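Peer 1: Sharing a structure below in structure tokens format, with a few things to ask.
The values are calculated or read from the model by the stated rules, or taken from the named source; none is laboratory data. Just so we're clear, the structure is a prediction, and the values are computed from it rather than from any experiment. We place every Cβ from the backbone using ideal geometry, glycine too, and count neighbours over all the protein chains shown.
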Amino acid sequence: MAHKVGIIGGDGIGPEVIAEGLKVIAAAGVALDTVDYDLGGARYLKDGVVLTDDILDEWRNLDALYLGAVGTPEVPPGVIERGLLLKMRFDLDLYINRRPFVFAGDEQRDAHEFIVIRENTEGTYAGEGGFLRKNTPAEVATQGSVNTRLGVERCIRYAFELAQSRPRKHLTMVHKTNVLTFSGDLWERTFNEVAADFSDVETAYNHVDAACIYFVQDPGRYDVIVTDNLFGDILTDLGGAVSGGIGFASSANLNPHGVSMFEPVHGSAPDIAGQNLANPTAAVLSGAMMLDHLGETDAGDRIRAACADTDSLVGSTTEVGDMLVERVANG
């Protein structure tokens with residue numbers, strides 16, 4: 001039977017890159033029963049809809065969600081991000097953000113691949129905080145970081161299970177425990193307690209500022225990383241930048257026990273929308289991650305193999321998509 005997948009093309013280049021991703025998935029021989037959803041900045045400007053509870057209820061009955069990009073310059077910052085992306089994460093409990101990175105080898109370093117696991121529903125993105133005396137000279141703004149034992153432990157446990165399944169069996173926790181002495185303490189204690197259940201996994205710890213340096217200078221030290229929501233957001237964008245560019249950066253927002261969402265992380269790029277210029281590779285690779293989630297791992301592996309030679313993926317959006325279709329079909 002075909003997998004039932006919700007398609008959110010979104011804004012800007014989103015519909016363009018998702019179209020290429022669907023084309024490559026079809027070439028891999030996987031049938032999808034797609035349901036299109038008109039959501040994003042353009043929809044909000046049209047009728048004020050961001051994400052309704054009725055749509056969320058529909059999504060709970062799907063196998064996966066495939067999202068291109070959302071956001072337009074005309075919509076104030078935070079409206080779509082919090083009303084669509086964060087609402088989706090919180091209401092569908094997409095508590096794992098999984099981001100793989102592949103570093104091409106050079107004269108100084110061997111080729112290398114590692115994965116960042118970011119806690120996706122807590123931390124500073126939970127929305128705790130507020131204003132006091134807003135718009136006065138004495139204004140105060142607070143933004144708290146919400147960390148629960150349940151949320152932290154399930155993320156850390158997922159990361160340990162992932163590390164255990166990989167040849168190197170190594171997991172690094174990244175935080176800022178020397179300054180964030182409350183949230184960092186919870187993360188550190190939980191990490192150490194869960195580690196007792198995974199004696200075959202080697203562990204390490206890095207402060208987030210040190211990890212930023214290592215991402216650039218020595219990414220080969222990493223196998224799997226686990227970190228909180230804010231640090232994970234920053235580190236994964238840096239990882240994309242130093243591993244070929246965000247045009248190759250894929251991601252999965254996972255509920256291991258329910259519907260999950262897959263998206264490239266490059267944004268809607270309104271300056272090049274409609275010009276057939278966007279690199280669709282990140283969307284294609286996100287589609288491959290979606291196939292893994294759907295149990296179509298062979299097709300996912302074939303798509304990743306087709307995308308491996310990134311230097312040759314040059315051309316218009318549709319030309320790169322056609323190139324990947326040919327590689328997948330003939331590979």
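Peer 1: List pairs: first residue in segment 43-54 and without any contact (Cβ under 8 Å) to a residue 40 or more places away in the chain, second residue part of a helix (DSSP H, G or I) and among the aliphatic types (A, V, I, L, M) anywhere in the structure, Cβ distance under 8 angstrom, at least six positions apart or on different chains.
Peer 2: Going by the 8 Å Cβ cut-off, the qualifying pairs are Tyr44/Val79; Tyr44/Ile80; Val50/Val79; Val50/Ile80; Val50/Leu84; Leu51/Leu84; Leu51/Met88.
Peer 1: Working carefully through the options Asp292, Asp298, Asp228, find the one that is in contact with a His (Cβ under 8 Å, 6 or more places away or on another chain) and of a type in the set (Asp, Glu).
Peer 2: On the way: Asp292 fails: in contact with a His (Cβ under 8 Å, 6 or more places away or on another chain); Asp298 fails: in contact with a His (Cβ under 8 Å, 6 or more places away or on another chain).
The unique qualifying residue is Asp228.
Peer 1: So which residues in segment 268-298 are in contact with a helix residue (DSSP H, G or I) (Cβ under 8 Å, 6 or more places away or on another chain) and either surrounded by fewer than 21 Cβ atoms within 10 Å (Cβ to Cβ) or among the polar types (S, T, N, Q) (or both)?
Peer 2: Ser268, Ala273, Gly274, Asn276, Leu277, Asn279, Thr281, Ser286, Asp292, Thr297
Peer 1: Return the only residue of Asp185, Asp209, Asp197 being among the charged types (D, E, K, R), surrounded by fewer than 17 Cβ atoms within 10 Å (Cβ to Cβ) and within 22 Å of Thr236 (Cβ to Cβ).
Peer 2: Details: Asp185 fails: within 22 Å of Thr236 (Cβ to Cβ); Asp197 fails: within 22 Å of Thr236 (Cβ to Cβ).
Exactly one of Asp185, Asp209, Asp197 is among the charged types (D, E, K, R), surrounded by fewer than 17 Cβ atoms within 10 Å (Cβ to Cβ) and within 22 Å of Thr236 (Cβ to Cβ), namely Asp209.
Peer 1: List the pairs whose first member sits in segment 170-185 and is assigned to a helix (DSSP H, G or I), whose second member is of a type in the set (Val, Ile, Thr) and at pLDDT 95 or above, and whose Cβ atoms are under 7 Å apart, counting only residues at least 6 apart or on separate chains?
Peer 2: Gly184/Thr177; Asp185/Thr177
Peer 1: For segment 1-92, which helices (runs of 4 or more DSSP H) that fit wholly inside it have 1 or more residues that are over 30 Å from Val328 (Cα atoms) and of a type in the set (A, V, I, L, M)?
Peer 2: Values: elements: 14-27, 41-47, 53-59, 87-91.
Those helices (runs of 4 or more DSSP H) span 41-47, 53-59, 87-91.
Peer 1: Among the residues of segment 54-84, how many are crowded, with 21+ Cβ neighbours inside 10 Å and of a type outside the set (Phe, Trp, Tyr)?
Peer 2: Total satisfying the criteria: 9.
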